[in-house]
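A.B. asks: Sharing a structure below in structure tokens format, with a few things to ask.
Just so you know, all these numbers are worked out from the coordinates, no wet-lab data involved. Since the structure is predicted, the reported quantities are computational estimates derived from the model, not experimental observations. Reconstructed Cβ throughout: ideal geometry from the backbone, glycine too, with neighbour counts over all protein chains shown.
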Amino acid sequence: MLDKNFDPKSFEDKFSFDIEASKRNPKGEPFMVLLPPPNVTGNLHIGHSLCYTLQDILARYKRLRGYDVLFQPGLDHAGIVTQLLVEKKLYSSGVERGSLTREKLLKEIWFWKENSGGMILKQMKKIGISCDFSRLRFTLDDKSKKAVTKMFVKLYNNGLLSRGQRMVNWDPLIGTAISDLEVIEKEVKGHLWHIKYFFEDDSGFIPVATSRPETLFGDVAVAVNPKDERYKHLVGKNVKIPLIDRLIPIIADKYADPKKGSGAVKITPAHDFNDFEVGKKHKLPVIDIFTPKAALNDTVPEMFRGMDRFEARNKVVELLEKMDLLVSVENVKQMLPFGDRSGVILEPRITYQWFVNAERLAKPAIKAVKDGKINFIPKHWENLYFEWLNNIRPWCVSRQIWWGHRIPAWYSSDGQVFVAETEEEARRQAIKFYGKNNVELTQDNDVLDTWFSSGMWPFVTLGWPEKNKDLSRYFSNMIVVTGFDIIFFWVARMIMMGIFALGKVPFKNVYIHGLVRDEKGNKMSKSKGNVIDPLTLCDQYGSDAVRYTLATLASPGRDLKMSSQLVETGRNFLTKLWNVVRFAQMNGCTYNQHFDINDVAHPINKWIIFEVKQMVRNVENALDNYRFDEAAKIIYQCLWNNFCDWYMEFIKPVLQQTSIDNSRVEGYNLSQTLLKKDVRDTVAWAIAQFIAVLYPITPFISKRLNGEFGIVDVKWPKIDDISGDYSESIKDVEILKEVITSVRSIRQFLRIPASEVLQAKLESQDIQVHDFIKDHRDIISRMCNVTFAETVEKSIPLVLNGAVLHVVIGDKVDIDSEIKRLTKESADCMKMRDAAMFRLNNTEFMKKASEEVVEEHKKRVSTLNSKIEKIEGVIRNLENVR
RNA sequence: GGACAUUUAGCUCAGCGGUAGAGCAUCACCUUCACACGGUGGGGGCCGCAGGUUCGAUCCCUGCAAUGUCCACCA
């Protein structure tokens, strides 16, 4: 028996690692859910919960529908994040910064990974993610290493990957290059210093504006616009760099914008992307003034050497001021690039790096989406995808850290590079190249961008480069569910690398979910203190409630505003389910495998069967179209409204009959006892369907109730087996509902206490309606506390569709207010009728509107007319009485 | 500067070329033997603004406004 209190804790732990749930069905059509591998350092935040829950709903749903679902988990080594985290731990435990060798640090990180990494897997189990944990992969495991190396060599051999000296975004804190995507632009307050650059002969100066005066040591020219009247006569002259007096030329270049700054701009090729281009164009030298940590190096005057860039800036400004070399200082807002991991201001820096020719890889990736081989859901995200891929720049894939896939490139002493899958192979190449017996080689020190291996995830998880059954079965049959923020980082790269490696697209659909925000719509952040922890919510309300709530909020193309109140609503819904099952159980309803739905004769049972059938169809539709929100709401509405509020109330009189009663049920050819059995079976059947459709969303409670209710396996409802005509039953029940609602409504309107028994009499020309209501008097009595009488004296009539119900209210009737109420009701009806009439009288409408619409309007007019007629009659009667 | 999204009840959001919906909140009544994490009944809307298409627009088109996001630029 189910406990009176619904306590998710009492069963959720038991089902949190449910090996059965991830079972595959080799006979089904293949379907893979590509779980984005979380960082090995990660903790489950609310965004993960959403992403994984939606995936899990799909996985479980597809399994129930007979698909062979592979839902494979994994962890991402997360290069920079992990290395920073472990280093920080080591340094705080007394290890001297920089004292560790590569091998020692890697050993420490692996040690950390084995002991504290992957916490998130446990947390995923807690929210019920049904992936196959026996297939857990790591982006840095041996198989991945092999695959990544192979991919690198393949790209290199195809001319899609090369090493070059270019300007990259450099993170001076970590000491590595990073890709454009890892740069976060932020607005900060800064200054614009207008500095005097004196002419060689000291005859005057040209004012040069800069926000970075410390870089003047690296200046190689001053550029002015060739059309700038103020300066064009100066082109060709030399000026002296302040403080160091090195001579540099004034050059003419369109890049100098007369409207910006002073119109004259200093050119520092080593430390600015634009200046680098200008320098190249004018064949100017490059003077790098920084160390990798962005301190000033030996190219600058001694007093600045070793000084940090910001300290140097202050010092330079101070000196310029002292020497009267400043024209003015402006306060400005400027956008500066920050490293997304380190949070420090980045430096453009010229270094040797490995670059992937992303432009060439992008072409087929763009085509695949254009041709509809891959669909984004919602579709508008394709715009973002195209925009980025159409303007893609070379992808810098080398990182100057140690934790990651080491680049499979070896150098000889003269700098010749050999790229191969193994050192032996590289050596063979080198020996052949030099024609010597042996060549000394050293491996590239750098590792690959974490996203390089992530981009290969769809096929690395399936065993590539081995050819195997999984790869041919699941590749191209996947769904990716993820946030818009990693369309570039991950989705685009998977498509590019997938097509390159296997010649076909990795997946057909990409579902992009929204961002989970706090209840006010603010982004969650630690600094704001508005972070909602999914695990706390799970503890408080149960994992199912959290999953259910996330599903209801996941309407496509929208961010989600999450609050504990909403989870509470979800929990309340599950409590309702719990209680109705408990009630069914108390009344001897157990799942009957041999129950034949098509044998059901009683209209109330037929009605709920139809409603459940509709619900299942709608849920299927919703989930097939990734409408998680709709699916959740459809079930909610049907279970709470139709099943609990109406059906269960309807059948209480039957269920609560205690003795065996073989008398015939009025109007039907079955005994009371048989009806009771039918009702019990119907209740159990309906509950089984609810449990099944809820299972993808709320697996824990489904499993729990399932076991309790005698259902062997959760099976998706087979609604196609339900045949027959339900229209009469639906009509009957609709009238029954209307009768009950009207009585309840009038009772509250007249403030008649629920405890007071009312008398009523129904009049209907329609024999079917009349008989049906007569047959179900007990239900009406029970649900609105009325008894049926023959008298209509001192009663008020309620006008229904096809019937009038007279409710005797004795002296309580206030004729004036009753007339007022009825007048309003009739006016409302007339308004609606007139609107419909207006259209029917419009010749254009009659000519152009579809037949069905015209029919519907005609029917509406006639129904409303008869209702109005009845109400008017009632009003006339009342007026006569008064 | 460019692009995309959003705008519907107090709040959060569905919806749809043909009678405007849900949950929460609110108001009233009810501790009735599944459930007060409950039941019953009610109130509450120029469907952002202005045009256009249409017999008919909350829905389609154009413009505008507000909000949000992304990309680009900045001496």
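A.B. asks: Could you give the length gained by full extension between A:Leu247 and A:Thr590, i.e. 0.36 nm per residue of separation minus their alpha carbon distance, to one decimal place?
C.D. replies: On the way: separation 343, 0.36 × 343 = 123.48 nm, distance 9.50 nm.
Contour length minus Cα-Cα distance gives 114.0 nm.
A.B. asks: How large is the charge dipole for the range A:386-471, taken about the Cα centre, if only the Cβ atoms of Lys, Arg (+1) and Asp, Glu (-1) carry charge, to the nearest 20 debye?
C.D. replies: Numbers: 9 positive and 12 negative charges, 31 e Å.
It comes to approximately 160 debye.
A.B. asks: Could I ask something else about it? Give me the distance in nm between label points sitting 7 Å out from Cα along the Cα-to-Cβ direction at A:Lys715 and A:Val344, one decimal.
C.D. replies: Between A:Lys715 and A:Val344, the label points sit 6.4 nm apart.
A.B. asks: May I pose another question? Using DSSP to define loop residues, name the GluC sites (Glu not before Pro) in the range A:791-882 whose beta-carbon has at most 14 other beta-carbon atoms within 10 Å.
C.D. replies: Values: sites: A:Glu793, A:Glu818, A:Glu825, A:Glu844, A:Glu851, A:Glu852, A:Glu855, A:Glu856, A:Glu869, A:Glu872, A:Glu879; in loops: A:Glu793.
Taking the range A:791-882 and a limit of 14 other Cβ atoms within 10 Å, the loop GluC sites (Glu not before Pro) found are A:Glu793.
A.B. asks: Less than 20 Å from a label point 7 Å out along the Cα-to-Cβ axis of A:Trp110: which backbone N atoms in the range A:396-428 qualify, by residue?
C.D. replies: Taking a point 7 Å out along Cα→Cβ of A:Trp110, the residues of the range A:396-428 whose backbone N falls under 20 Å are A:401-409, A:422-424.
A.B. asks: Separate question: Suppose the Debye formula is applied to equal point scatterers at every Cα of the range A:234-297; what is log10 I(q)/I(0) at q = 0.28, 0.30 Å⁻¹?
C.D. replies: -1.37, -1.39
A.B. asks: Moving on. Can you tell me how much longer the chain between A:Val531 and A:Lys774 gets when fully stretched, taken as 0.36 nm per residue apart minus their C-alpha distance, in nm with one decimal? Write down the numbers at each step before the final one.
C.D. replies: Working: separation 243, 0.36 × 243 = 87.48 nm, distance 5.84 nm.
Stretched fully, the A:Val531-A:Lys774 segment lengthens by 81.6 nm.
A.B. asks: Per DSSP helix of 4 or more residues, -39500 (n - 2.57); summed, then divided by the residues of chain A. What does that give at 222 nm, rounded to the nearest 500? Each step should come with its number before you reach the end.
C.D. replies: Numbers: 29 runs with 379 residues, N = 882.
Value at 222 nm, helices only: -13500 deg cm²/dmol.
A.B. asks: Would you pull out the residues with amide H under 5 Å of A:Lys508's amide H, same chain only if 5 or more places away, H placed 1.01 Å from N?
C.D. replies: For A:Lys508, the qualifying residues are A:Met478.
A.B. asks: Here is a further query. So if we plug the beta-carbon distance of A:Glu311 and A:Glu187 into 1/(1 + (r/R0)^6) with R0 = 25 Å, what FRET efficiency do we get, rounded to 0.05?
C.D. replies: Numbers: r = 23 Å, r/R0 = 0.93.
Plugging the Cβ-Cβ distance into 1/(1 + (r/R0)^6) gives 0.60.
A.B. asks: Taking amide H positions as placed in the peptide plane 1.01 Å from N, state which residues far from A:Met307 in sequence (5 or more) or on other chains have amide H under 5 Å from it.
C.D. replies: Close amide H contacts, sequence-distant or interchain: A:Leu296.
A.B. asks: With θ set to phi - 60°, apply the Karplus curve 6.51 cos²θ - 1.76 cosθ + 1.60 along the range A:845-856 and write out the HN-Hα couplings as whole Hz, x wherever there is a Gly or Pro.
C.D. replies: Couplings: 4, 5, 6, 9, 6, 5, 4, 4, 5, 5, 4, 4 Hz.
A.B. asks: Let me ask another. Just name one of A:Gly306, A:Ala294, A:Gly343: the one whose Cα is farthest towards the positive end of the charge dipole of the range A:292-346 (beta-carbon charges, Lys/Arg +1, Asp/Glu -1).
C.D. replies: Among A:Gly306, A:Ala294, A:Gly343, the one farthest towards the positive end of the dipole of the range A:292-346 is A:Gly343.
A.B. asks: Translational D (Stokes-Einstein, µm²/s) of the range A:607-732 at 4 °C and 1.567 mPa s when Rh comes from the Kirkwood sum over C-alpha pairs? Intermediate results must be reported in sequence, preceding the final value.
C.D. replies: Numbers: Rh = 15.8 Å.
Result for D is 82 µm²/s.
A.B. asks: With +1 on each Lys and Arg Cβ and -1 on each Asp and Glu Cβ, and nothing else charged, work out how big the dipole of the range A:665-707 is about its Cα centre, in Debye to the nearest 20.
C.D. replies: Values: 5 positive and 3 negative charges, 51 e Å.
Using Cβ point charges on Lys, Arg, Asp and Glu, the range A:665-707 gives about 240 debye.
A.B. asks: Say a paramagnetic label sat at a point 7 Å from the Cα of A:Asp624, along Cα to Cβ; which residues of the range A:50-65 have their backbone N under 17 Å from it?
C.D. replies: The answer is A:58-59, A:61-65.
A.B. asks: Determine the sum of side-chain charges near A:Tyr67: Lys and Arg each +1, Asp and Glu each -1, restricted to other residues whose C-beta is under 11 angstrom from that of A:Tyr67. List each step's numbers first, then the result.
C.D. replies: Numbers: positive: A:Arg24, A:Lys27, A:Arg60, A:Lys62, A:Arg63, A:Arg65; negative: A:Glu29, A:Asp68.
Residues near A:Tyr67 contribute +4 overall.
A.B. asks: Place a +1 charge on the Cβ of each Lys and Arg in the range A:491-590 and a -1 charge on the Cβ of each Asp and Glu, then give the dipole magnitude about the Cα centre in debye, rounded to the nearest 20.
C.D. replies: Values: 14 positive and 7 negative charges, 73 e Å.
Dipole of the range A:491-590, to the nearest 20 debye: 340 debye.
A.B. asks: Between A:Lys260 and A:Glu851, what is the FRET efficiency for a Förster distance of 60 Å, r being their Cβ-Cβ separation, to the nearest 0.05?
C.D. replies: On the way: r = 68 Å, r/R0 = 1.13.
It comes out at approximately 0.35.
A.B. asks: Further question on the same structure: Looking at chain A only, what percent of DSSP beta bridges run antiparallel? Nearest 5 please. Walk me through the intermediate numbers first.
C.D. replies: Working: 66 of 94 bridges.
Around 70 percent of the beta bridges assigned by DSSP in chain A are antiparallel ones.
A.B. asks: If you stretched the chain out fully between A:Met303 and A:Glu318, how much longer would it get, using 0.36 nm times the residue separation minus the C-alpha to C-alpha distance? Before the final figure, lay out each step's value.
C.D. replies: On the way: separation 15, 0.36 × 15 = 5.40 nm, distance 1.34 nm.
Result: 4.1 nm gained on full extension.
A.B. asks: Among A:His594, A:Val683, A:Leu623, which residue has its Cα positioned farthest towards the positive end of the charge dipole of chain A, with +1 placed on the Cβ of Lys and Arg, -1 on the Cβ of Asp and Glu, and the dipole taken about the Cα centre?
C.D. replies: Farthest towards the positive end: A:Leu623.
A.B. asks: Here's a follow-up. Run the simple label-point estimate for A:Asn522 and A:Asn877 please: 7 Å along Cα→C-beta, distance reported in nm.
C.D. replies: With each label placed 7 Å out from Cα toward Cβ, I get 6.2 nm.
A.B. asks: Give the shape of the range A:542-627 as rounded, prolate or oblate, defined through the alpha-carbon gyration tensor: a ≥ b ≥ c are the square roots of its eigenvalues, a/c under 1.5 means rounded, and otherwise the shape is prolate if a/b is larger than b/c and oblate if not.
C.D. replies: Numbers: a/c = 3.20, a/b = 1.60, b/c = 2.00.
Oblate is the answer for the range A:542-627, as a/c is 1.5 or above yet b/c matches or exceeds a/b.
A.B. asks: I need the calculated FRET efficiency for the pair A:Asp539 and A:Arg360, taking r as the beta carbon distance and R₀ as 56 Å, to the nearest 0.05.
C.D. replies: Details: r = 50 Å, r/R0 = 0.90.
Step by step, r from the Cβ atoms, then E = 0.65.
A.B. asks: A follow-up question, please. Within the range A:242-262, list the residues whose amide N lies under 15 Å from a label point set 7 Å along Cα→Cβ of A:Ser203.
C.D. replies: A:250
A.B. asks: Only loop residues by DSSP count here, and only those with at most 10 other Cβ atoms within 10 Å; note down the chymotrypsin sites (Phe, Trp or Tyr not before Pro) in the range A:714-813 that meet that.
C.D. replies: Counting only loop positions with at most 10 other Cβ atoms within 10 Å, none of the chymotrypsin sites (Phe, Trp or Tyr not before Pro) in the range A:714-813 qualifies.
A.B. asks: If you don't mind, there's one more thing I want to ask. Between A:Tyr636, A:Gly28, A:Ala177, whose Cα lies farthest towards the positive end of the dipole of chain A when Lys and Arg beta carbons carry +1 and Asp and Glu beta carbons carry -1, centred on the Cα centre?
C.D. replies: So the residue furthest toward the plus end is A:Ala177.
A.B. asks: Hey, another quick one. Give, as a single signed number, the net charge of other residues whose beta carbon lies under 15 Å from the beta carbon of A:Lys373, with Lys and Arg counted +1 and Asp and Glu -1.
C.D. replies: Details: positive: A:Lys363, A:Lys367, A:Lys370, A:Lys379, A:Lys504, A:Lys508; negative: A:Asp371, A:Glu382.
Every neighbour counted, the sum reads +4.
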